[in-house]
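The next block holds one structure in the form of structure tokens; read it before the comments.
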Amino acid sequence: MALLSVQRLTKSFGGLLAVHNVSFDVFSGEIVGIIGPNGAGKTTVFNLITGIYKPDQGEIVFDQHSIVGKAPHDIVKLGIARTFQTIRLFSNLSVLENVMAGAHCRMSSGVLGAMLRLPGQRREEREKIEEAMELLGLVGLQDFYDYLAGSLSYGNQRLLEIARALATHPRLLILDEPAGGMNERETEELIKLIGKIRDKGVTVLLIEHDMNVVMKICERIVVLEYGSTIAEGTPEEIQSNPRVIEAYLGTDEDE
Amino acid sequence: MKFNRKRFYLAAVPIFFLVPLILNPYWVDVLNSIGLYALLGLSLNLIVGYAGLFNLGHAAFYAVGAYTSAILNTTYHIPILLLLPVAGLAAGIFALIVARPIIHLRGDYLCIVTIGVGEIVRIALINDVFGITGGANGIFGIARPRIFGMVIRTPHQFFYLIWLFVAITVFLFYRLEDSRVGRALNYIREDEMAAEACGINVAHYKLISFVVGATWAGMAGNIFAAKMTIISPESFSFWESVLMFTLIILGGAGSIEGVLLGAFLIIGLPEIFRELSNARMLFFGAAMIAMMIFRPEGLIPPVPKKYRVFSGTDRGETT
Amino acid sequence: MAEFLQQFVNGLAVGGIYALIALGYTMVYGVLKLINFAHGDLFTIGAYLGLTLLTSFGLADRVGPGVAVLLLVVMVMGFVAVIGIILERVAYRPLRNSPRLSAVVSALGASIFFQNAVMLIYGARFRVYPQNLLPKISLNLLGIYIPLVKILVLVVCVIMMVGLYLFIQRTTIGTAIRAAAIDQEAARLVGINVDGVITLVFIIGPALGGLAGLMVGILYGQIKFTMGWIYGLKAFTAAILGGIGNIPGAMLGGLILGVVEALGSAYISIAWKDAIAFCVLILILVVKPTGLLGERVAEKV
Amino acid sequence: MRRFSWIVTFLAVLVFIFGSVISSTAGEIKVGLMGPMTGAWASEGQEMKQVLELLVEETNNQGGVNGQKIKLIVEDDGSDPRTAALAAQRLVTQGIVGVIGTYGSSVTEATQNIYDEAKVIQIANGSTAIRLTEKGLKYFFRTCPRDDEQARVAVKAIKNLGFHTIAILHDNTTYAKGLAEEAKRLLEKDDTVKIVFFDALTPGEQDYTAILTKLKGANPDAVFFTGYYPEAGLLLRQKKEMGWDVPFIGGDATNNPDLTKIAGADAAAGFYFVSAPLPKDLPGEEAKKFLEKFAKKYGNPPNSIYSVLAGDGFRVLVKAIEVTKSTDPDVLADYLHNKLKDFPGLTGKISFNEKGDRVGEVYRVYRVNEKGEFILLP
């Protein structure tokens, strides 16, 4: 049974068909990559899965429940977390506070609890801060916990976004170009990190332009072009697929 | 950062609470006015400062609280201070009803709608809506508050009532600011979309900020009614909303110290400038522009919160 | 039916004034994303300036009423435009990269400043325009009374709006303004002088606001230093109603607001007129969150 | 950060210094004036100040009261209750014997308790709301008549002028609404005059054509507008432009020369209004002398009857101090309530009843002639 099943997904913006009849499955414990030329609709697919856009047609089933039409925050609560292609951190807040944003949906205290600072609320805060520090440790940012998020380097900001997403306790982590703007050493670290995340039992779905990364870590790859799926398979299969080669030769791969 | 918040308050609060002993009633009353606006500013700060929502109609909530208290006090003779939570509740429910359909509006659209709500409330009060608001006359003959049999009457007595409430508010709001709810509002202010994608129910928390802010404004309205013994629609005009909004931005949106300082400046300075008589509002306007240019982030912008980590106990200290 | 038409015409006349002021809000907002709360007071300044020119300089006696009105229009628009430029330089330009709400407070400060400056110069009392400026003739069309002055005002409003619309849509400068409104950085990159565009916007908007003030003076004969608040708020409402940043939207919003007010006071209640107008605004925004002609800009994620 | 936080403390100290500086000087009698120096009714307040400054100067030039000079302390009520309450506190702390003012009823009401608790004589000049004197406040007086008195005169005038249907329009202010409702109540007592329209306009606007069109639809014999002169002027002007020649009747807030300026003499002609007599129509020598002096000092006669009523408030207060040789509020209040009879005021003879209201018929009916002049009807 697939953890995430995308079926015949279609979305258009004012006449422009951005995603057309896209279907694919992601199974528990996998690392799946979505690739394709610019404008192929990859990010739109992510936005559809995470509830930011509503699909015109099609079905998205996560853990045997349809999530079409659910609000983004509800989808997060169900266990899908994401990062953004253009980094969207709360740059005027501290690194730790950014991670705490992810922990929000796994906490329960409300206005009264906060004002009265009840024992339950204090315990919850303490636990979540410890957990957030552990996650910062995982991505290697524990020493920067009280820095402003906006002051971090580009690569570190991407890592912080991952830590923030992990704080939501996802079962599926969606990464939109996690290696974008990273140098080679950072990319190597990232590959290791994604491996570690998978080992913790989190399924990973990612968009990446860096073929090196994709081929190294993905077990399965979905290829999109002009909003439609043109291929699906293991890295080896994709590398030898004539349509994929054509698509990639026909367009400029770099952004 | 050498500033120690706890130490500052420990030193400043006792001194401040002794100040009325050497002031004449007029200046104590000015301080009372400042206290009321500090309350209103703190309540609006939840909406404008924390959640970043553009609200220029806060006087509506203030009015609902004041009128609820006044009507219940004059018709059923319920002691006014007992009505404090009722006034807050009424304003909170009112906010819930009006804010719900409009909460999804962005920035300036929300601004004009809040202005509209404020004006509708004011017009409704003037037109004696439901026959209970007394029209332009307002409501008069509100009984003076009593605490343990003592009637609160003089400015000095009100000083302790008002500023005690301010102190409690500041204490509670620091805790709110430094909690899951307070953080959620900050995330929304910083980036709505990212907050939603982190699992924060943005519409829900925007509504919370409105409801809690309105509740506090309603309670401030209760105290206002108790102090004035008469309330009328002109006390809740658009101009009042502008004052509250201005004092927040001037002091530093999102910062409690900033709001307190803003209240002192916005309400206190015109009193000190009284000698300039007719030209005082001219100076006031020019000063607003100058202060914004001089410190666009406000006089005391919020400082990033510091967390004590790995200590295992008592988090949330500001050092 | 005659009463309905009469009310409709009444509303259009008021709405024309709202529309003219709303243009200033919408243009400034379009480019700077700033609500220029001082705009209503520029309108007041226009009205008082016209009064000074008429009474202190005796303009009408020197050149005759017809020429005087034309001269007045030019002089008032020019002078208020200069104030607009100064306002932008002093109160808004230093805050261009600051939090948006700071600029709003600066705008509110400027509004208070202007209002009190007018009060100190002209006094707190109502001031009255000379009565004999334009002939007091009313047209009677099938029982609908329309004073000639009102028709003139409406004609001027329409000319100004159409002219502005063509200017924005058809000329190179207009294109530059539109480009700067969409994306200032991109406009800069393609060589558009964005500072120049902003200055231009602060010439056109205040000039139209000042003109509206002058017309209110001529039309109603009575002006007060606080009137900018009321007209400004109404015009801002109109701009939002039509979709702020959108020039035809401001015109449409102004006219609709005027008509809603007139019909609301005719068929529901005079005392609740403003509340009715705001209710209509809120209902429209609940249904269409960006105003009537505003476009929803999809956020890039 | 630290510096700015200390500003709070600094300000508190500043407030303290300012507060303690105010000390009283002996040998002076302090009289307060609380009026709208800013805000919507600033023009009224400014003129009240002119009148009182003139009277104080005059009194002091004649040697003051009982050998003591009078010092006038002016405070701005901003036409707003909250500002007024602060102004009242400020006056009370400066040791005034009495205070003159203020104009608006709701503004006055916000200060009544403060003066009463501080035992300061308050003489209002423009607050005509009935309830102000129905509370049994010992130190509160007013030189202006009450709304019920005005309504009575207005209704009598409406009947005398032979109107059968009438439209009543107010502006939702305390004063205008009170007058309109009182007139309505009196008219509904008998059936001679029918009310065909009753609603309120929004003051401060410029275009009232929508309201006039609606009024015209109700087809009344006359319109009774209880609001203020700026709106009255516009209504008259726009009514004329509509080609509708129904007579208008106004309350005393329309009594202001600016009415004619706004409406234009041709549109104002035929307008009736009810008002306390204009100073020019007062036979008394006091009024004539005062008007001459005022015109000499300020270049024009006073515009508003209320500023003259403020002057009367000041003069009765001075009279009371002079006669009783006391500044004790109880003595003064007793004198004003019971012993002051037919004092020759600028606006006629002044006596107060036990409530603090002015006794006697004050209101007259005026008509505007073709030149725009206000003519007293017999």
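Any read-out appearing in this document is the output of simple, stated calculations on the displayed coordinates, not a laboratory observation. Every value quoted in this text rests on a predicted model; they were computed, and no experiment measured them. Positions of Cβ are generated from backbone atoms using ideal geometry, with glycine treated the same way; all protein chains shown enter the neighbour counts.
Would you mind getting me the FRET efficiency between B:H77 and D:E361? Use the beta-carbon distance for r and R0 = 30 Å, nearest 0.05. Don't jump to the answer; show the numbers that get you there.
Working: r = 39 Å, r/R0 = 1.31.
The calculated FRET efficiency here is 0.15.
Lys and Arg at +1, Asp and Glu at -1: add these up for the other residues within a Cβ distance under 13 Å of B:I80 and post the number.
After counting each charged neighbour, the total is +4.
If you take the square roots of the eigenvalues of the alpha-carbon gyration tensor of the stretch B:5-318 and sort them as a ≥ b ≥ c, do you get rounded (a/c under 1.5), prolate (a/b over b/c) or oblate?
rounded
Just going by the charge dipole of the protein assembly as shown, with Lys and Arg at +1 and Asp and Glu at -1 on Cβ, which of D:L161, D:N172, C:W229 is farthest out on the positive end?
Of the options given, the answer is D:L161.
Could you give P(r) for the protein assembly as shown, binned at 20 Å from zero, as whole percent values over all Cα-Cα pairs?
10, 35, 34, 15, 5, 0
Identify all aspartates and glutamates with a Cα-Cα distance to C:K273 below 20 Å; exclude those on the same chain that are fewer than 8 residues away in sequence.
Output for C:K273: B:E119, B:D128, B:E234, C:E3, C:E261, D:D171, D:D199, D:E205, D:D207, D:E231.
Tell me, D:R358, C:R93, B:R122, A:R88 in order of fewest to most beta-carbon neighbours within 10 Å?
C:R93, A:R88, B:R122, D:R358
Pick from A:G36, A:G14, A:G102: which residue has the top mean-square fluctuation in a GNM of chain A where Cα pairs under 10 Å get a spring?
Top of the fluctuation ranking is A:G14.
When DSSP assigns beta bridges and you keep just the ones with both residues in the protein assembly as shown, what percent turn out antiparallel, to the nearest 5?
45 percent
If you place +1 on the Cβ of every Lys and Arg and -1 on the Cβ of every Asp and Glu, how big does the dipole about the Cα centre of the stretch B:5-318 come out, in debye to the nearest 20?
Roughly 700 debye for the stretch B:5-318.
Can you give the net charge of the other residues whose Cβ lies under 9 Å from the Cβ of A:T43, counting K and R as +1 and D and E as -1?
Numbers: positive: A:K42; negative: A:D176, A:E177.
Once all neighbours under 9 Å are counted, the net charge is -1.
Pop a pseudo-label 7 angstrom from the Cα along the beta-carbon direction at both C:R89 and D:N300 and give the gap in nm to one decimal.
Going from the C:R89 label point to the D:N300 one covers 3.6 nm.
With labels modelled as points extended 7 Å from the Cα through the Cβ direction, what inter-label distance (nm, one decimal) is found for D:K159 paired with B:R153?
The answer from the label model is 4.6 nm.
Between beta-carbons, use under 13 Å as the cut-off and find the net charge around C:L49, counting Lys and Arg +1, Asp and Glu -1.
Neighbour charge sum, excluding C:L49 itself: 0.
Would you mind finding the longest exposed-site-free stretch of chain B, with exposed chymotrypsin sites (Phe, Trp or Tyr not before Pro) meaning DSSP loop and at most 11 other Cβ atoms within 10 Å?
Answer - B:149-309.
Which of A:D210, D:D342 has the fewest other C-beta atoms within 10 Å, and how do the rest follow up to the most?
In order of increasing Cβ crowding within 10 Å: D:D342, A:D210.
Average projected area of the Cα convex hull of chain D, in nm²?
Projected area, direction-averaged: 21.6 nm².
Rounded, prolate or oblate: which one fits the stretch D:124-170, using the alpha carbon gyration tensor with axes a ≥ b ≥ c (rounded when a/c is under 1.5, else prolate when a/b beats b/c, else oblate)?
prolate
Say each of A:E219 and C:T52 gets a label point 7 Å from the Cα, pointing the same way as Cα to Cβ; how far apart are those two points in nm?
Computed distance between label sites A:E219 and C:T52 equals 8.0 nm.
Before rounding to the nearest 500, sum -39500 (n - 2.57) across all DSSP H runs of length at least 4 in chain A and divide by the residue total; then give [θ] at 222 nm in deg cm²/dmol.
It lands at -11500 deg cm²/dmol.
Of the candidates C:V82, C:V28, C:V14, which one comes out as most mobile in a Gaussian network treatment of chain C with C-alpha springs shorter than 10 Å?
Checking each option, the largest mean-square fluctuation is seen for C:V82.
Please turn the phi angles of the stretch C:288-294 into ³J(HN,Hα) values with the Karplus equation 6.51 cos²θ - 1.76 cosθ + 1.60 (θ = phi - 60°), one per residue in order, whole Hz, x for glycine and proline.
10, x, 10, x, 5, 10, x
Nearest 0.05, what FRET efficiency do D:D190 and D:E134 give at R0 = 30 Å with Cβ-Cβ as r?
My answer for the efficiency is 0.70.
Once the piece of chain linking C:V287 and C:V82 is laid out straight, how much longer is it, given 0.36 nm per residue of separation minus the C-alpha distance between them?
69.8 nm
In degrees from 0 to 90, rounded to the nearest 10, what is the angle of the helix A:154-166 Cα long axis to the longest principal axis of chain A?
Roughly 80 degrees between the two axes.
Given R₀ = 45 Å, FRET efficiency for A:Y226-A:S151 by Cβ-Cβ distance, to 0.05?
Once the sixth-power term is evaluated, E becomes 0.65.
Counting only Cα atoms, I'd like the Rg/Rh figure for chain C, Kirkwood definition for Rh.
Working: Rg = 19.2 Å, Rh = 19.8 Å.
In chain C, Rg relative to Rh is 0.97.
Using a Gaussian network model of chain C with C-alpha springs under 10 Å, which one of C:A22, C:A107, C:A266 is most mobile by mean-square fluctuation?
Maximum fluctuation in the GNM of chain C, among the listed residues, is at C:A266.
Near the amide H of D:F141, under 5 Å away, which other amide H atoms are found, from residues 5 or more places off or on another chain, if H is placed in the peptide plane?
It is D:Q122, D:I123, D:A124, by chain and number.
Does the stretch C:200-301 classify as rounded, prolate or oblate by the C-alpha gyration tensor (a ≥ b ≥ c root eigenvalues; a/c under 1.5 gives rounded; else a/b over b/c gives prolate, otherwise oblate)?
Oblate, because a/c is 1.5 or more while a/b does not exceed b/c.
Helix D:42-61: angle to the longest alpha-carbon principal axis of chain D, degrees 0 to 90, nearest 10?
It is inclined by approximately 50 degrees.
When the label point is put 7 Å from the Cα of B:R100 along its Cα-to-beta-carbon vector, which residues of the stretch B:174-217 have a backbone N closer than 19 Å?
B:201-215
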